[in-house]
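For reference, the structure discussed in these notes is given below.
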Amino acid sequence: MSDAPLILYVEDNPDNRLLVYRVLRAEGFNVETVPDGPSGLEFVENHIPDLILMDINLPKIDGYTMTARLKQRQELVNVPIIALTANVMKGDREKTIAAGCDGYIQKPINVDRLGDQIRAFLSNRPQKKAR
Ligand code: MN
């Protein structure tokens, strides 16, 4: 992998995984996609992503629960977790924030804007503590 930022995308829909993978690779990011929460938890055992994109409607463990679990990990406290979801009911944005998400990108994904959205979230992230 290059030293470009690593984006982890947790998403059960294979079409969305492929779309986001292609768009973000074309934008110069490293991208890892996983289909469910347990796979995401396994991935972060060995890698610290620079940013996590989190689908909300996921099998096994939903995106809210996933976000809460990831944020409990000391090494991920400063890693932005961005909800990527079609949930647009009133209150859904508030639920993602309450779960610990640092931001929200609404589906359908705008492929022309996604790279800029990710870069904006990366540039606003808190400074990581020295290790
Ligand atoms: Mn889903």
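The values are calculated or read from the model by the stated rules, or taken from the named source; none is laboratory data. Just so we're clear, the structure is a prediction, and the values are computed from it rather than from any experiment. All Cβ positions, glycine included, derive from the backbone under ideal geometry; neighbour counts span all protein chains shown.
Do the conditions hold for Ile109, that is, is it crowded, with 17+ Cβ neighbours inside 10 Å and assigned to a loop (DSSP other than H, G, I, E, B)?
When the stated conditions are applied, Ile109 passes them.
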remark   = Reported set for region 1-25 where residues are aliphatic (A, V, I, L, M) and touching a residue at least 60 places away in the same chain (Cβ under 8 Å) is Ile7, Leu19, Val20, Val23, Leu24
message = Within region 1-27, take every residue that is within 15 Å of the ligand (Cβ to nearest atom) and part of a loop (DSSP other than H, G, I, E, B) and give me the one that is nearest to Thr85 (Cα to Cα).
response = Glu11
key: Residue that is modelled with the lowest pLDDT [pool: residues in region 63-87 that are surrounded by fewer than 16 Cβ atoms within 10 Å (Cβ to Cβ) and within 14 Å of the ligand (Cβ to nearest atom)]   = Ala86
message = Would you confirm whether or not region 64-79 contains a residue that is within 20 Å of Asn124 (Cβ to Cβ), touching a residue at least 40 places away in the same chain (Cβ under 8 Å), assigned to a helix (DSSP H, G or I) and among the polar types (S, T, N, Q)?
response = no
query = Given the conditions (1) away from the ligand (no atom under 12 Å from the Cβ); (2) of a type outside the set (Val, Ile, Thr); (3) in a strand (DSSP E or B), and given that Ser39 satisfies all but one, which numbered condition is not satisfied?
reply = (3)
